[in-house]
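Scroll down for the structure; my scribbles are underneath it.
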């Protein structure tokens, strides 16, 4: 590729600026905010997966917490029962398999439906997992949840969590995030991604042009759930603890909220949403005991006033400025 | 004859779940909206009833008043439903599903904190109606009469709702709307007013359910969460927007729960979800669901 | 290329299709006319496989397709459009045509290669758009097209699947009167250019007269007359039963 052209391409320039910004984050943020930032990255990965279903396949899942939980509990279980392989390069693949299997089982039931029924079903199934995690406390720790030890990364071990979270894990997370971002970016622009969008727009016609609608929805469901599982497994290391709450539909609702907050019409929207939501929630919690009400009110305002989300809002303002400039020029 | 008691318990559970899921299903069928704040309306009904009963305790009032006052829960929940529909939900009828779901989710979060602000974070104990009625000896088993009363009320409500939908003008119009909204529009029905009707009715039913449960258990924050999920399971088993489905689904859920608690204590909820999932694998649209394209 | 023999279909007591037989040759445009309820749409549904006949045979390119699924028929080369357009409204015009091409070429399962890397398929898509007079509109969303362009795109999508026979159910319904001929010019140009055949249901007699090689007139489930446009139009029964009716329709 022509290097000069690459450098002067506007899009690559934005990517470069963002990348540099992400690289120096650990030197800018306080340890507390860095941990928040890290958990936001894991939610951003979940959001990427979630939006494959919502934006590109037209399916609203209200149970993505279940696949997040599958990834998270896979890590916790290995930590509890097979500590000998408790190292991140094993844990991530195990989490991927766990969430893939769970989303295949649940997906099989859910993809036969669309719209509200799909939403209720995903919700009910995630609550099934919640009930199991909650009640089988001898295995899962019940409502107390399970402790997540600090893992080793490629043989390097860490004595204390802060040491692990302050640098090495951040960059590990960043690499995984960039991979997930690129993979999803390719998926949505691939022929497969186009097939999903065709199904979203017109199921009848998609069937007519030879797309197996349910099967493709199923594939999308699995990919989406697996992304949630990757996010969940990465999140546990930041949080140090996992409880069944991540499989509760409330948590799934937060994933939906994040995505809409950022703006699901835009590929990067859920990522922006993940960051804003993570900080908003934590600061709301620190500010008042009525943080749920605050989240609720912002959600209501968002739906009524800014349905395209923050990213959508920015784009609208940008377009307005552009047209004004053009008008001014003539 | 213990199983007899389990069946009765199952009917009692089914009765409250039925009232909730009936409301949920009316809203779903007529408006096409899944109301995630439905559990909060149930909780509002419960808190109102519990608060009224405990406030009344200091006065020397006739016993029957503590039963009549339970209706306060249904009335307030219906009123809150009216406000909710008019302010937040009505602007969203022509918008995509995710917005409709999220606005009710936002309302749910808001209600949880409003309940905390209005009624405080402490539990309400309002067992007076339960205590007044006492217990009855059913072939050797002592059983609370209040549970039987709730079952009777649920049956009466079911019959009244059926009559309302089958015989009254508004009821017939509501059914027409749930079958074919475009046709209903073409016939010149006042769609917006009917939607408000449906929502208020659904909210009041949820409030009634909460009020009826209030005397049997401490009323706490997060009171509406589990019933809401059970109502979802009923909707899933019975079929989307089907009133018959709500009835049969509630019976199934109530009985499974009652027997599940005895046979599989601890995991009775998981068993319930599993059975729901199996029903769906066999009959994807639910027992009485119409497949909507 | 298409031969229909003694086709019958009843709905309850109504004989919707009553002993219909005809054929369509290669590179031929045949119009199907008749009053409402004459059985035209039923016939197209039988040909595209949405409903099955009670008796009779349908042959396409030497194969018996009487009981083939709609999907099989599409694979064999029978494409259809609907009275109401069926587009991927929220997708770009480009993708509306490109996705069928991916499907046709077995690339639809490709997950890790961006669509734009399939240069040949993109080139092919742009060619099709050019044939259908949709060049320079490839980057706008399908829902933003005019009604006429939507109709054309709908047919372009069916065509993209390497269709040999197009079944068009009222291609100009919903199109503004002044645009009807423009839309038909485009469609017929594409059909002639690609040497395919078409069966068109149409109410507008001016369009029928201008574009068809042959006309089949249906009445009460039977074929009343068939032949060249001017011959058919001057036929006594057609003038009385069909044109009389359709003139009333246009007046309304």
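The values are calculated or read from the model by the stated rules, or taken from the named source; none is laboratory data. These figures come from a predicted structure and were not determined experimentally. FYI the Cβ positions are ideal-geometry reconstructions off the backbone, even for glycines, and counts take in every protein chain you see.
Only one residue in A:261, A:304, A:321 is within 28 Å of residue B:84 (Cβ to Cβ) and surrounded by fewer than 19 Cβ atoms within 10 Å (Cβ to Cβ). Which one?
Values: A:261 fails: surrounded by fewer than 19 Cβ atoms within 10 Å (Cβ to Cβ); A:321 fails: within 28 Å of residue B:84 (Cβ to Cβ).
On inspection, the qualifying residue turns out to be A:304.
Go through the residues of the range A:182-190 one by one and say whether even a single one is over 17 Å from the mean Cα position of the chain (by Cα), closer than 30 Å to residue C:72 by Cβ and crowded, with 20+ Cβ neighbours inside 10 Å.
Within the range A:182-190, the first condition is being over 17 Å from the mean Cα position of the chain (by Cα), and the residues that meet it are A:189-190.
After this cut, where a residue has to be closer than 30 Å to residue C:72 by Cβ as well, the list is A:190.
Within this subset, residues satisfying the condition of being crowded, with 20+ Cβ neighbours inside 10 Å are A:190.
Yes, the range A:182-190 contains at least one residue that is over 17 Å from the mean Cα position of the chain (by Cα), closer than 30 Å to residue C:72 by Cβ and crowded, with 20+ Cβ neighbours inside 10 Å.
Results for (1) away from every other protein chain (no Cβ under 14 Å); (2) touching a residue at least 12 places away in the same chain (Cβ under 8 Å); (3) more than 22 Å from the chain's Cα centre (by Cα); (4) more than 24 Å from residue B:271 (Cβ to Cβ), shown as yes or no for each residue.
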{"residue": "A:75", "(1), (2), (3), (4)": "yes, yes, no, yes"}
{"residue": "A:83", "(1), (2), (3), (4)": "yes, yes, yes, yes"}
{"residue": "A:93", "(1), (2), (3), (4)": "yes, no, no, yes"}
{"residue": "A:103", "(1), (2), (3), (4)": "yes, yes, no, no"}
{"residue": "A:118", "(1), (2), (3), (4)": "no, yes, no, no"}
{"residue": "A:123", "(1), (2), (3), (4)": "no, yes, no, no"}
{"residue": "A:126", "(1), (2), (3), (4)": "no, yes, no, no"}
{"residue": "A:132", "(1), (2), (3), (4)": "no, no, yes, no"}
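For the range A:198-211, what are the residues that are surrounded by fewer than 22 Cβ atoms within 10 Å (Cβ to Cβ), within 7 Å of chain C (Cβ to nearest Cβ) and part of a helix (DSSP H, G or I)?
If the condition is that a residue be surrounded by fewer than 22 Cβ atoms within 10 Å (Cβ to Cβ), within 7 Å of chain C (Cβ to nearest Cβ) and part of a helix (DSSP H, G or I), then A:204 is the only one that fits.
Please tell me if residue B:65 is under 22 Å from residue B:27 (Cβ atoms) and either touching a helix residue (DSSP H, G or I) at 6+ places or on another chain (Cβ under 6 Å) or without any contact (Cβ under 8 Å) to a residue 24 or more places away in the chain (or both).
On the way: under 22 Å from residue B:27 (Cβ atoms): no; either touching a helix residue (DSSP H, G or I) at 6+ places or on another chain (Cβ under 6 Å) or without any contact (Cβ under 8 Å) to a residue 24 or more places away in the chain (or both): yes.
Here the answer is no, as residue B:65 does not meet what is asked.
From B:164, B:147, B:130, which residue is touching a strand residue (DSSP E or B) at 6+ places or on another chain (Cβ under 8 Å), away from chain A (no Cβ under 14 Å) and part of a helix (DSSP H, G or I)? Break it down stepwise before answering.
On the way: B:164 fails: touching a strand residue (DSSP E or B) at 6+ places or on another chain (Cβ under 8 Å); B:147 fails: touching a strand residue (DSSP E or B) at 6+ places or on another chain (Cβ under 8 Å).
Answer to the check: B:130.
Here are some conditions: (1) over 18 Å from residue A:95 (Cα atoms); (2) at pLDDT 90 or above. Residue A:167 meets all but one. Which one does it not meet?
Going through the list (1) over 18 Å from residue A:95 (Cα atoms); (2) at pLDDT 90 or above, residue A:167 breaks only (2).
With C:154, C:149, C:179 as the choices, which residue is part of a helix (DSSP H, G or I), touching a strand residue (DSSP E or B) at 6+ places or on another chain (Cβ under 8 Å) and farther than 18 Å from residue C:31 by Cα?
Numbers: C:149 fails: touching a strand residue (DSSP E or B) at 6+ places or on another chain (Cβ under 8 Å); C:179 fails: touching a strand residue (DSSP E or B) at 6+ places or on another chain (Cβ under 8 Å).
Going through C:154, C:149, C:179 in turn, the sole match is C:154.
Only one of these conditions is not met by residue C:203: (1) surrounded by 15 or more Cβ atoms within 10 Å (Cβ to Cβ); (2) touching a residue at least 24 places away in the same chain (Cβ under 8 Å); (3) part of a helix (DSSP H, G or I). Which number is it?
(3)
Could you list, in sequence order, all residues of the range A:255-264 that are more than 9 Å from every other protein chain (Cβ to nearest Cβ) and either within 23 Å of residue B:39 (Cα to Cα) or without any contact (Cβ under 8 Å) to a residue 60 or more places away in the chain (or both)?
The answer is A:255, A:258, A:261, A:263.
Would you say residue A:18 is crowded, with 16+ Cβ neighbours inside 10 Å, assigned to a helix (DSSP H, G or I), free of Cβ contacts under 8 Å to residues at least 60 places away in the same chain and away from chain B (no Cβ under 14 Å)? Spell out the reasoning first.
Details: crowded, with 16+ Cβ neighbours inside 10 Å: no; assigned to a helix (DSSP H, G or I): yes; free of Cβ contacts under 8 Å to residues at least 60 places away in the same chain: yes; away from chain B (no Cβ under 14 Å): yes.
Against the criterion (crowded, with 16+ Cβ neighbours inside 10 Å, assigned to a helix (DSSP H, G or I), free of Cβ contacts under 8 Å to residues at least 60 places away in the same chain and away from chain B (no Cβ under 14 Å)), residue A:18 does not qualify.
Could you tell me whether any residue of the range A:49-59 is outside any helix (DSSP H, G or I) and within 14 Å of chain B (Cβ to nearest Cβ)?
First, pick out the residues of the range A:49-59 that are outside any helix (DSSP H, G or I): A:58-59.
Applying the additional criterion that residues be within 14 Å of chain B (Cβ to nearest Cβ) yields A:58-59.
Yes: the range A:49-59 contains one or more residues that are outside any helix (DSSP H, G or I) and within 14 Å of chain B (Cβ to nearest Cβ).
Out of A:252, A:224, which single residue is buried (at least 24 other Cβ atoms within 10 Å of the Cβ), within 14 Å of chain C (Cβ to nearest Cβ) and within 25 Å of residue B:232 (Cβ to Cβ)?
On the way: A:252 fails: within 14 Å of chain C (Cβ to nearest Cβ).
Step by step, each of A:252, A:224 is checked, and only A:224 is buried (at least 24 other Cβ atoms within 10 Å of the Cβ), within 14 Å of chain C (Cβ to nearest Cβ) and within 25 Å of residue B:232 (Cβ to Cβ).
Take the residues of the range B:231-244 that are in contact (Cβ under 8 Å) with a residue 60 or more places away in the chain and surrounded by fewer than 24 Cβ atoms within 10 Å (Cβ to Cβ): which is farthest from the other protein chains (Cβ to nearest Cβ)?
My answer is B:243.
Tell me which of these residue B:222 doesn't satisfy, since it passes every other one: (1) modelled with pLDDT of 90 or more; (2) outside any helix (DSSP H, G or I).
Of (1) modelled with pLDDT of 90 or more; (2) outside any helix (DSSP H, G or I), only one is false for residue B:222: (1).
Might you check whether a residue that is within 12 Å of chain A (Cβ to nearest Cβ), touching a residue at least 12 places away in the same chain (Cβ under 8 Å), surrounded by 23 or more Cβ atoms within 10 Å (Cβ to Cβ) and not in a loop (DSSP other than H, G, I, E, B) occurs anywhere in the range C:117-133?
First, pick out the residues of the range C:117-133 that are within 12 Å of chain A (Cβ to nearest Cβ): C:117-118, C:121-122, C:125.
Then keep just the ones that are touching a residue at least 12 places away in the same chain (Cβ under 8 Å); that gives C:118, C:121-122, C:125.
From what is left, the residues that are surrounded by 23 or more Cβ atoms within 10 Å (Cβ to Cβ) are C:125.
Okay, now just the ones that are also not in a loop (DSSP other than H, G, I, E, B), so C:125.
So far as the range C:117-133 goes, yes, one or more of its residues are within 12 Å of chain A (Cβ to nearest Cβ), touching a residue at least 12 places away in the same chain (Cβ under 8 Å), surrounded by 23 or more Cβ atoms within 10 Å (Cβ to Cβ) and not in a loop (DSSP other than H, G, I, E, B).
Going by the conditions given, is residue C:87 facing another protein chain (nearest Cβ under 8 Å), part of a loop (DSSP other than H, G, I, E, B) and surrounded by fewer than 17 Cβ atoms within 10 Å (Cβ to Cβ)?
Details: facing another protein chain (nearest Cβ under 8 Å): yes; part of a loop (DSSP other than H, G, I, E, B): yes; surrounded by fewer than 17 Cβ atoms within 10 Å (Cβ to Cβ): no.
When the stated conditions are applied, residue C:87 does not pass them.
Test residue C:196 against the stated conditions and say whether it is surrounded by fewer than 23 Cβ atoms within 10 Å (Cβ to Cβ) and under 24 Å from residue C:73 (Cα atoms). Can you show your working first?
Working: surrounded by fewer than 23 Cβ atoms within 10 Å (Cβ to Cβ): yes; under 24 Å from residue C:73 (Cα atoms): yes.
Yes; evaluated as a whole, the condition is true for this residue.
Could you say whether any residue in the range A:150-171 is outside any loop (DSSP other than H, G, I, E, B) and within 14 Å of chain C (Cβ to nearest Cβ)?
Kept after step one, since they are outside any loop (DSSP other than H, G, I, E, B), are these residues of the range A:150-171: A:152-153, A:156, A:161-166, A:168-171.
Add one more test, that the residue is within 14 Å of chain C (Cβ to nearest Cβ), and what stays is none.
Looking for residues that are outside any loop (DSSP other than H, G, I, E, B) and within 14 Å of chain C (Cβ to nearest Cβ), one finds none in the range A:150-171, hence no.
Do we have residue B:137 as closer than 17 Å to residue B:219 by Cβ, surrounded by fewer than 21 Cβ atoms within 10 Å (Cβ to Cβ) and out of contact with any strand residue (DSSP E or B) (no Cβ under 7 Å at 6 or more places or on another chain) here?
So residue B:137 does not fit the description; no.
Based on this model, can you work out whether residue A:107 counts as closer than 20 Å to residue B:225 by Cα and touching a residue at least 12 places away in the same chain (Cβ under 8 Å)?
Numbers: closer than 20 Å to residue B:225 by Cα: no; touching a residue at least 12 places away in the same chain (Cβ under 8 Å): yes.
So residue A:107 fails the test.
Among the residues of the range B:269-283, are any under 29 Å from residue B:146 (Cα atoms) and surrounded by fewer than 21 Cβ atoms within 10 Å (Cβ to Cβ)?
yes
So the check is Cβ under 7 Å with 6+ separation or different chains; which pairs have a first residue in the range B:265-293 that's more than 8 Å from chain A (Cβ to nearest Cβ) and a second one that's modelled with pLDDT of 85 or more and surrounded by fewer than 18 Cβ atoms within 10 Å (Cβ to Cβ)?
Going by the 7 Å Cβ cut-off, the qualifying pairs are B:288/B:244.
Of the conditions (1) more than 13 Å from every other protein chain (Cβ to nearest Cβ); (2) surrounded by 24 or more Cβ atoms within 10 Å (Cβ to Cβ), residue A:278 satisfies every one except a single condition; which number is it?
Tallying (1) more than 13 Å from every other protein chain (Cβ to nearest Cβ); (2) surrounded by 24 or more Cβ atoms within 10 Å (Cβ to Cβ), residue A:278 fails exactly one: (2).
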